[in-house]
Amino acid sequence: MPSLVDGYRAVIRGQVQGLGFRPYVYRLARSLGVNGFVRNSVRGVVVVVQGRLASRFLKRLRSSPPPLAVIASFDISRVRTRTYPEFSIHPSNSERGAGVDVLPDLAVCRDCRREISNPRDRRYGYAFTNCTQCGPRYTIIERLPYDRPNTTMTDFRMCPRCQGEYADPDDRRHHAQPIACPDCGPKLTSLPASSELSALDAAAQSLLDGKVVAIKSLGGFQLACDATNDQSVRRLRRRKHRPAKPFALMCESVAVCRRFCRVSATAEATMRSVAAPVVLLPKSPRPTIRVADSIAPRNSRLGVMLPYTPLHLVLFDRLRRACGRPAVLVMTSANRTEDPIIADTGELAGALPGVYDLVLSHNRPIANRCDDSVAMTDSHGPLVLIRRARGYAPRPVPLGRLFHVKQPVLAVGGESKNTFALASQLSAYLSPHIGTVATAAGEQFWLETLARYTEWTGIRPQVVATDLHPDYASTRLAERLSRDLHLPLVRIQHHYAHILSVMAEHNLRGPVLGIAFDGTGYGADGAIWGGEILLADGLTKWLRVGHLGYLSLSNAGDEIADPRRVASEYLGQVGGKMGPGTRKSGGRSHNQGIKSAAGLTAARTSSVGRLFDAVAAITGACRVATFDGQAPAALEALADPSERGDWYTDGLLDLSVYPARLLPEPLLREVARETACGTAPARVAARFHNTLSAATIRLADALCAKYGVASVCLSGGSFQNSLLRRQVTVGLRSRGRAVYVNRLVPLNDGGIAYGQVAALACAQRPLASL
Ligand SMILES: [Zn+2]
Ligand SMILES: [Zn+2]
């Protein structure tokens, strides 16, 4: 029997695996001369230590963990253990449980970048270089714990040199699970294969020739082409049947990006972060690199990201050598419209025939598909997420303490920009952006991702949350799951979920005044809501205390509406006339619209998104829309920033009724009247923004005073419009109101699942705690 000695056992949970945690523990233990071991388990990192300095070691580890770690809990217990002659790293055990967070993919780090560009380094130009501080994580993990055999690197046998680095506790790649080098790791291939050129050179050559190249990236394929070549961009649009939706760009550095965009300090920090999302940046007024106008037509911004994998880095390096100047590439997800991103080479050929000319692929499989994330920043505001995916998911989003989830929840989210959330206690595990679940491929992706999340988090939901909308595909999915799993189903009103998503992020008890402006959401009265002012508190109580007045609209529930049709139907009701610019094309289709609309059922709607659509059509900013949010973005881009005027009249608000009204009729009449008198469309667009913001501020302020509320929460897709968001925020703050906006989850419907979780957390809260 070996003798037992006193020691400590620590279990550390959170984001603690896959970022060099164990080597860090090892080095710290060695430096203090304590013995024992560290081990990954599915419940967290387990450390057993003994020796005179054991408690000091634990204190130090707790106070200064490795830089990328996020510790959720650090539990220490005294134990009797056998004697360990030294400190070592033990292999993981494979018990089941939960407590470890799977890490998101991490953008290539500075050290790896240096090696890739150093001709004397053995990883010079190697497209799969990574270390404990960077590289793929989420997209290669099949099972926990996070060890190489549980990832898609399992079939790559380490060469002796990689094996040496992997085993050496003093090496940067100690226990870096995706470790690889040109001798033993994944390899690039091109399809069709070239006999003369390497895969990389063939891809670079094709791009310079104006061709479209499909690139296997981290979470799926991307379609790339030369962004300065208008013909190439137009060809890609034609082939992909994507007439106008902006394409994301990639360029090698922030310095290159500054040559065609304005990059604020916050934007730069975001682009350079380990998440490295696409950041929407204002177009530069005096660009020295001209990207094609067809990249983001009638939009004031361009979405740009930096190379986040070594593969992207070496490709840009090759392009610069070949043409002597920095390249800017379109880098858009390869998918069929609405469907999820494609991760499989075979599927690519079937789904996108004739879209690309060459494939730059490799043999490291993608375990979990993940799109690029999209964020935007204001000149004086922090980050706003538009799409939360690569670099963020599957990291949990914390819930404020007031929104503690006692019974684990599955929230299925909304209809468009869908994400789901599995939540327990103070963590909501939000899926990456799924998109739509209304297609077979979308539903499949949703179910696959849910299965992975359930396995990893160990969360077994006891209740399912969904939207109030009876016809959402996500609602049907929720109904099916609730039936199959015998779980209660709770339906949450869309705009209440939007406001709760802000409250849960900022831990607001309420009551707050919530302003939820978006395209469509099913209202409690059966109308299509989208311009809502709610009085909300954390008691699952909410009152609709104000809204944009109803207009009637055929097909009001559509996510994408035809701006011309909305304009003509609205103007018909408010007694306004289409401007001269719209009469030529719009006037004719006005009549056609009514004929074809004869069979459609008109619904009442308070949608702010549709109001923007109508104004975009009247002013000529956008008459035909092919994607959600196109017309509002065009109207924002058109607005003259120097125009300060508005049409504000007292007639815009009706505070004598309940709920209070913001009246759309006078606004629409003014837009039509000014356009008809020939006022410059840029001025009309600006005045519309100014007027809507001023009326919203005035209405919200009056309601705050009436109900004795000091805080206002803004959410909903219409607030992606930075002009509206900034004006309303600044206006309310200047009146002494605290204003809160989503920061951690998207303010569009990508944040609905998180809000649904918050609603159930409120419902579960015992009255005593209030
Ligand atoms: Zn690295
Ligand atoms: Zn190797």
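The values are calculated or read from the model by the stated rules, or taken from the named source; none is laboratory data. Just so it is clear, the structure is predicted and the values come from calculations on it, not from any experiment. Cβ coordinates were reconstructed from backbone atoms using ideal geometry, including for glycine residues, and neighbour counts include every protein chain displayed. Ligands, DNA and RNA are stripped out before the accessible areas are found, and what is left, the full protein with its side chains, is counted by its heavy atoms. Shrake-Rupley method; radii C 1.70, N 1.55, O 1.52, S 1.80 Å.
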Criterion (modelled with pLDDT of 95 or more, not in a strand (DSSP E or B) and not aromatic (Phe, Trp, Tyr)) met by exactly one of Leu500, Leu539, Leu535, Leu513: Leu500
Count of residues meeting criterion [in contact (Cβ under 8 Å) with a residue 40 or more places away in the chain and farther than 14 Å from Asn690 by Cα] in the range 638-653: 1
Of the criteria (1) free of Cβ contacts under 8 Å to residues at least 24 places away in the same chain; (2) closer than 13 Å to Gln756 by Cβ, which one Leu399 fails: (1)
Of all residues in the range 180-195 being more than 7 Å from ligand 2 (Cβ to nearest atom) and touching a residue at least 12 places away in the same chain (Cβ under 8 Å), the one that is farthest from Leu103 (Cα to Cα): Pro192
Residues located in the range 298-319, provided they are touching an Asp or Glu at 6+ places or on another chain (Cβ under 7 Å) and not polar (S, T, N, Q): Met305, Pro307, Phe316, Arg318
Selected residue (only one of Gly400, Gly391 is of a type in the set (Gly, Ala, Ser) and surrounded by fewer than 23 Cβ atoms within 10 Å (Cβ to Cβ)): Gly400
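Quick grid of which residues meet (1) touching a Pro at 6+ places or on another chain (Cβ under 6 Å); (2) at pLDDT 95 or above:
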site: Gly579; (1), (2): no, no
site: Ile594; (1), (2): no, no
site: Thr605; (1), (2): no, yes
site: Asp613; (1), (2): yes, yes
site: Ile618; (1), (2): no, yes
site: Val624; (1), (2): no, no
site: Gly651; (1), (2): yes, no
site: Arg661; (1), (2): no, yes
site: Pro664; (1), (2): no, yes
Test: Gln756 is open to solvent by less than 50 Å² (accessible area, probe 1.4 Å) and out of contact with any Lys or Arg (no Cβ under 9 Å at 6 or more places or on another chain): yes
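A quick yes/no check of all residues on (1) under 30 Å from Leu281 (Cβ atoms); (2) in a loop (DSSP other than H, G, I, E, B); (3) in contact (Cβ under 8 Å) with a residue 60 or more places away in the chain:
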residue	(1), (2), (3)
Phe612	yes, no, yes
Thr626	yes, yes, yes
Val671	yes, no, yes
Val684	yes, no, yes
Phe688	yes, no, yes
Ala694	yes, no, no
Tally of residues being open to solvent by less than 40 Å² (accessible area, probe 1.4 Å), away from ligand 2 (no atom under 15 Å from the Cβ) and part of a loop (DSSP other than H, G, I, E, B) across the range 139-174: 6
Matching residues in the range 232-259 - criterion: being open to solvent by 60 Å² or more (accessible area, probe 1.4 Å) and either of a type in the set (S, T, N, Q) or within 11 Å of Val304 (Cα to Cα) (or both): Arg258
Single unsatisfied condition, Ile71 versus (1) away from ligand 1 (no atom under 16 Å from the Cβ); (2) in a loop (DSSP other than H, G, I, E, B); (3) β-branched (Val, Ile, Thr): (2)
Test: residue in the range 120-138 that is away from ligand 2 (no atom under 16 Å from the Cβ), modelled with pLDDT of 90 or more, of a type in the set (Phe, Trp, Tyr) and within 26 Å of the chain's Cα centre (by Cα): yes
Condition check for Arg82: more than 27 Å from the chain's Cα centre (by Cα), open to solvent by 40 Å² or more (accessible area, probe 1.4 Å), touching a residue at least 60 places away in the same chain (Cβ under 8 Å) and within 16 Å of ligand 1 (Cβ to nearest atom): no
Flag for Ser88 being over 14 Å from Ile12 (Cα atoms) and either surrounded by fewer than 18 Cβ atoms within 10 Å (Cβ to Cβ) or in contact (Cβ under 8 Å) with a residue 40 or more places away in the chain (or both): yes
Hey, Val42 modelled with pLDDT of 85 or more and buried (at least 19 other Cβ atoms within 10 Å of the Cβ) or not: no
Some residue of the range 256-264 being within 21 Å of Leu236 (Cβ to Cβ), outside any loop (DSSP other than H, G, I, E, B) and in contact with a Ser or Thr (Cβ under 6 Å, 6 or more places away or on another chain): yes
Matching residues, the range 724-743, being β-branched (Val, Ile, Thr) and touching a helix residue (DSSP H, G or I) at 6+ places or on another chain (Cβ under 7 Å): Val728, Val739, Val741
Given (1) closer than 29 Å to Asp558 by Cα; (2) among the hydrophobic types (A, V, I, L, M, F, W, C); (3) in contact with a Leu (Cβ under 7 Å, 6 or more places away or on another chain), number of the condition Ile459 does not satisfy: (1)
Only listed residue being in contact with a Leu (Cβ under 9 Å, 6 or more places away or on another chain) and surrounded by fewer than 24 Cβ atoms within 10 Å (Cβ to Cβ), chosen from Ser501, Ser482: Ser482
Sole residue being closer than 21 Å to Ala367 by Cα and within 16 Å of ligand 1 (Cβ to nearest atom), chosen from Ala214, Ala180: Ala180
Residue within the range 121-131 that is within 16 Å of ligand 1 (Cβ to nearest atom), acidic (Asp, Glu), open to solvent by 10 Å² or more (accessible area, probe 1.4 Å) and in contact with a helix residue (DSSP H, G or I) (Cβ under 9 Å, 6 or more places away or on another chain) present: yes
